[in-house]
Amino acid sequence: MKEPEAYAPTAADFVYRHLRGQIFAKKRQPGDRLTEEAIAQELDVSRTPVREAIRRLTAEGLATLIPNAGARLAKPTKKEIMDTYELREYLECLAARKAALNITGAQADTLQQTIDEEEQIFAARNFEAYLDVNNRFHRTLAECSGNAVLAEFVNNLLARTCVYMIFYDSFFDMNTNPSLDEHRALLKALLAHDPDKAEQLMKVHLMLSATSLKSNEGLRVGGE
């Protein structure tokens with residue numbers, strides 16, 4: 001039987017990964033223009049893969065297309081961020097309460113594995129992988145609630161706040177990961193089947209996350 005051929009990255013993949021890498025490395029800032037011609041010249045490709053890469057960034061919420069003005073990196077305001085975290089707090093506190101009553105042993109094991117992975121990834125200072133594992137923790141916890149609709153709404157909000165963290169989180173300035181102990185405490189409350197404690201811990205956890213972004217210098221300078 002013939003082995004399946006390995007996936008061959010396209011020119012659009014190359015441009016997409018390059019631009020995304022620049023965003024994660026803070027080499028491109030919120031609101032920066034994404035000029036097809038300039039990017040194509042920089043990477044020695046045609047404008048077609050650049051256009052496709054920008055479309056993918058737009059689908060992820062990292063860029064926006066402005067009529068008659070081209071594409072720019074997203075530039076979320078402080079109010080957008082605080083509004084999103086307000087809704088996350090409401091929904092994830094509900095998810096935490098329900099998860100404390102419905103979590104299974106297998107789900108608890110998955111959360112513990114995610115925490116262990118988070119610790120290793122933070123030590124390696126891999127921001128992209130850290131965002132992924134952090135989202136998986138919150139997504140899995142929401143799924144533990146037993147309410148699929150609630151978990152879907154939480155997942156949508158996680159995608160929005162992931163964009164905010166990419167642009168404004170001070171990940172590389174942190175010597176320790178405050179979320180790690182907060183996630184461990186949350187899991188402990190879930191295992192104790194203590195909905196009040198789980199809700200309280202989730203509320204504080206999200207409040208601290210929002211405050212960290214709100215205090216970012218670039219966001220404060222960037223406007224409301």
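Tabulated results
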read-out	value
Number of Lys pairs (Cα under 27 Å; 8 or more positions apart or on different chains) in the chain	21
Amide H partners (placed H, <5 Å) of Ala63, local residues excluded	Thr58, Ala74
Gaussian network model of the chain, Cα within-10 Å springs - most flexible of Thr35, Thr84, Thr161	Thr35
Value in Å of the Kirkwood radius, where region 1-111 supplies the Cα pairs that are averaged	17.3
The chain: angle of helix 47-59 to the longest principal axis, Cα-based, in degrees nearest 10	20
Hz values of 3J(HN,Hα) by residue in region 178-189 - Karplus curve (6.51, -1.76, 1.60), Gly and Pro given as x	x, 5, 4, 5, 5, 5, 4, 5, 4, 4, 4, 5
Electrostatic dipole magnitude of the chain [Cβ: Lys, Arg +1; Asp, Glu -1; Cα centre; debye, to 20]	560
Residue-averaged [θ]222 nm for the chain, counting only DSSP H segments that reach four residues, each worth -39500 (n - 2.57)	-23500 deg cm²/dmol
Interchain or long-range residues, amide H under 5 Å from Leu34's placed H	Ala71, Arg72, Leu73
For region 1-131: relative contact order, % (alpha-carbon pairs under 8 angstrom, 6 or more apart)	21
Of every Cα-Cα pair in the chain, the percent that sits beyond 30 Å	33
Degrees, to the nearest 10: 11-24 long Cα axis against longest axis of the chain	60
In sequence order, calculated HN-Hα J values of region 146-160 (Karplus, 6.51, -1.76, 1.60; Hz; x Gly/Pro)	x, 10, 5, 5, 4, 4, 5, 5, 4, 4, 5, 5, 4, 4, 5
Percentage relative contact order, region 76-201, counting C-alpha pairs under 8 Å, at least six apart	43
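Readers should treat all values here as calculations from the given coordinates under stated rules, not as data from a laboratory. What you see is a predicted model, and the numbers here were worked out from it, not measured in a lab. For neighbour counting, all protein chains shown are included, and Cβ atoms are generated from backbone atoms with ideal geometry for every residue, glycine included.
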